[in-house]
């Protein structure tokens with residue numbers, strides 16, 4: 001209850017870090033920032049922050065340090081291996097929040113390195129965030145924090161300053177659990193970012209007017225946070241402003257698929273999305289907003305040759321787009337929750353995080369808890385939402401129409417394959433079953 | 001044993017049909033050709049053929065008719081629904097060979113239409129071919145023929161004139177069985193055509209010199225007919241000459257995936273290939289040789305940003321490419337054989353056809369018969385080739401390196417997912433198992 005707020009060092013003032021650090025300044029903290037890019041430091045000074053020329057200088061005498069660089073490689077450099085790194089300069093008993101999205105294996109390794117370097121006194125909190133630059137600046141991020149009880153207790157006020165009170169998740173399992181939680185959330189993000197482009201690209205080939213069609217999609221069962229968020233930029237002729245570059249989701253996607261491979265866990269949806277992202281990088285779209293991937297779906301429109309779909313009315317076309325989205329969201333939800341189960345996370349907590357963060361979708365809301373039950377081996381009492389057959393039927397109709405129009409639907413096609421595989425695995429069940437049963441494909 | 005060879009009508013003188021018809025001329029038949037494209041008719045006259053201005057005129061008084069148009073829609077037009085169609089003009093008891101690649105459902109429907117039109121006397125043979133324009137002209141195609149015993153008996157000499165003696169397959173199951181056989185063969189073609197581009201594109205990103213690397217691949221366990229066939233054109237800066245247009249394999253691929261959907265059968269590999277083909281169409285590559293799809297994999301090379309793989313020696317890079325190919329060929333073989341099983345085809349005959357046709361690969365040769373045994377519920381006595389773990393390990397190493405280099409490997413990534421899913425399904429088996437076990441994913 002001391003009046004004086006502690007000094008804080010902040011390493012990494014990129015799109016997210018700048019907002020987070022500036023928010024702390026607004027909350028009355030004295031914040032000393034470090035970044036490799038000089039203009040950012042000048043902007044931070046203008047916003048009331050202090051600056052340092054090395055990580056070591058930034059953290060000197062500050063008990064609290066937030067690190068928000070872009071990658072594990074960058075974290076390793078600023079904390080330990082680069083010029084004048086932070087760790088040796090941190091005061092004894094310091095609280096170090098690593099907010100970057102990194103593999104669980106990295107942050108657990110970092111915890112061990114601290115001990116090996118004789119700095120086991122530093123209390124590491126593994127605290128990746130979600131919510132975008134706007135919420136970073138407002139201090140209303142979602143944060144998934146793992147660490148020792150002692151570390152969490154000491155760092156909680158800082159986590160609270162940066163997060164929405166309802167969106168601060170203390171994840172059981174210590175250092176690494178926060179990163180696993182973020183990774184499982186990013187399964188939804190990785191698929192739903194691409195789905196926005198795939199679905200709206202499909203709508204475009206169907207001949208729908210994109211503005212009214214998009215509004216109808218937002219009001220349908222195919223609502224998803226990512227679609228709503230990316231929509232204005234997808235509709236902008238230049239896909240501006242660049243709010244989240246393709247290269248960012250590529251990095252998160254790679255964490256998912258490489259950690260999954262390490263665990264022998266299949267990620268059919270995310271792996272598919274990753275290949276399309278790589279194609280986007282090959283086209284030079286890496287620095288562009290990820291919403292611009294709609295270009296991969298709309299190019300050649302009208303030039304493919306004589307193609308003709310079956311859907312004629314706007315209503316039937318819209319139903320196809322909605323069916324495509326729902327099928328993709330169903331399967332990305334199943335992949336996220338099955339992977340979270342594999343990572344020994346509390347699935348109810350995962351669900352609560354995801355529906356309130358960028359991974360949220362109406363489909364997840366409807367069937368996510370049933371998926372969690374199936375993962376835990378519990379019986380489903382009543383069916384939530386449409387049955388498996390109905391969702392698969394709508395998805396199939398969309399994939400068939402896309403085939404007629406010769407439009408790629410990478411995620412939709414993969415989702416349809418998964419419903420086919422699931423149908424075989426759930427064949428002991430009689431009658432119509434919950435669409436949550438698609439989770440069976442992941443060996444649940 | 002009559003000396004005089006019967007007159008033959010030939011409808012459809014495209015790349016394949018022209019060679020097939022000209023070969024019959026060379027064998028001493030009087031052949032009357034029809035095509036909608038006038039210059040082709042002039043060429044056919046120059047090659048010693050007769051010509052007609054309508055299908056009806058072509059078939060008049062000829063007991064034997066070969067139809068080799070590009071699609072089911074075209075077949076329907078020239079045979080029944082177009083101007084002066086063939087069927088009403090065919091003499092009673094005519095033998096009609098439909099050599100086009102069409103869905104089983106179409107040719108079976110055609111058989112019914114003949115009866116409905118009062119032309120049940122016409123003996124239809126469902127006789128799709130494989131082998132390319134060169135073998136068409138040499139009369140050494142692979143032919144998969146289904147029909148009544150009577151029809152096959154009467155048409156056999158004609159099938160023999162057009163095929164290699166070892167590559168004429170009389171498929172049990174009547175009209176439609178030939179098309180199903182071709183369709184299952186095309187599962188291999190659809191995947192291995194794209195694999196050629198994906199594998200060589202990957203080799204290019206690895207920094208291998210493509211000429212010597214390709215020669216090494218041809219001598220390795222990653223040999224495939226398609227790779228050998230497409231290689232010269234992939235290495236040609238303009239991907240010339242156009243021997244098989246992208247639009248052709250797109251058509252065959254659509255038959256596979258739409259018939260599979262109708263049967264509720266998953267085709268994870270072919271469906272993935274299809275999406276990439278659609279992206280190729282969107283880029284305007286439809287009329288180009290399918291080998292030119294390597295462009296989808298090599299573009300942006302060197303411009304993706306700082307990427308670095310782990311493999312350093314040419315030997316280790318080549319091993320990664322070989323591992324990628326083998327994983328893809330394994331899974332496309334499993335999909336083809338499992339689908340053939342679903343279609344009630346004789347799997348030993350399917351195997352024999354495929355290894356001797358454009359779908360052939362060393363991987364299929366090694367594990368194809370084991371896959372057939374698994375489909376029939378038989379036990380495998382000894383393991384053929386490398387074990388499942390080893391093939392999956394090599395594939396994973398390749399997909400991981402592609403991820404480091406940020407290169408898409410659509411088929412390789414999908415194949416890796418399938419080995420993951422299969423591993424779970426084959427978990428009751430102890431120790432190392434045959435790589436043929438990947439077939440389990442298809443519900444075998």
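Per-structure values
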read-out	value
FRET E, pair residue A:172, residue A:263, Förster distance 25 Å, beta-carbon r, rounded to 0.05	0.85
Which of B:417, B:22, A:140 has the fewest Cβ neighbours within 10 Å, and the rest in rising order	A:140, B:22, B:417
Label distances, nm, residue B:376 versus same residue in remaining copies, Cβ-directed 7 Å point	4.8
In nm, spacing of pseudo-spin labels at residue B:352 and residue A:301 (7 Å Cα→C-beta vector)	5.2
Pairwise FRET efficiency - residue B:220 versus residue A:116, Cβ, R0 = 41 Å, nearest 0.05	0.40
Overall form of region A:1-152 per C-alpha gyration tensor (a/c, 1.5; a/b vs b/c)	rounded
Inter-copy separations for residue B:5, label at 7 Å along Cα-Cβ, nm, ascending	9.4
Degrees, to the nearest 10: B:225-235 long Cα axis against longest axis of chain B	80
Length-normalised contact order of region A:1-107 in % [C-alpha pairs under 8 Å, at least 6 apart]	27
Rel. contact order, % - alpha carbon contacts under 8 angstrom, at least six apart, region A:181-442	29
Computed Kirkwood radius, in angstrom, where 1/r is averaged over Cα pairs of the protein assembly as shown	29.2
Cα shape, region A:181-442, gyration tensor, a/c 1.5 rule	oblate
Acute angle (nearest 10 degrees) that the helix A:104-116 long axis makes with the longest principal axis of chain A, alpha-carbon atoms	20
Likely footprinting exposure, B:64, B:297, fewest C-beta neighbours within 10 Å first	B:64, B:297
Residue-averaged [θ]222 nm for chain A, counting only DSSP H segments that reach four residues, each worth -39500 (n - 2.57)	-17000 deg cm²/dmol
Neighbouring partner chain Cβ atoms per residue of A:277-289, average, 10 Å criterion	5
Per-residue Cβ neighbour rank within 10 angstrom, fewest leading, B:312, B:400	B:312, B:400
Backbone N within region A:13-31 under 11 Å of label point (7 Å from residue A:7 Cα along the Cβ vector)	A:30-31
In degrees, nearest ten, helix B:177-206 long axis to first principal axis of chain B (Cα)	40
Förster radius 60 Å - calculated FRET efficiency between residue B:61 and residue B:404, Cβ distance, rounded to 0.05	0.35
Relative contact order computed over chain B (Cα-Cα under 8 Å; 6+ residues apart), in percent	13
For residues of A:300-306, the mean tally of beta carbons on other chains within 10 Å	4
Where labels lie 7 Å past Cα in the beta-carbon direction, separation of residue A:133 and residue B:390 in nm	5.3
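Every number here is computed from the coordinates shown, using simple stated rules; none is lab data. As the structure is a computational prediction, the values presented were derived from the model and not from experiment. Because the Cβ atoms are built from the backbone with ideal geometry, glycine has one as well, and the counts that use them run over all protein chains shown.
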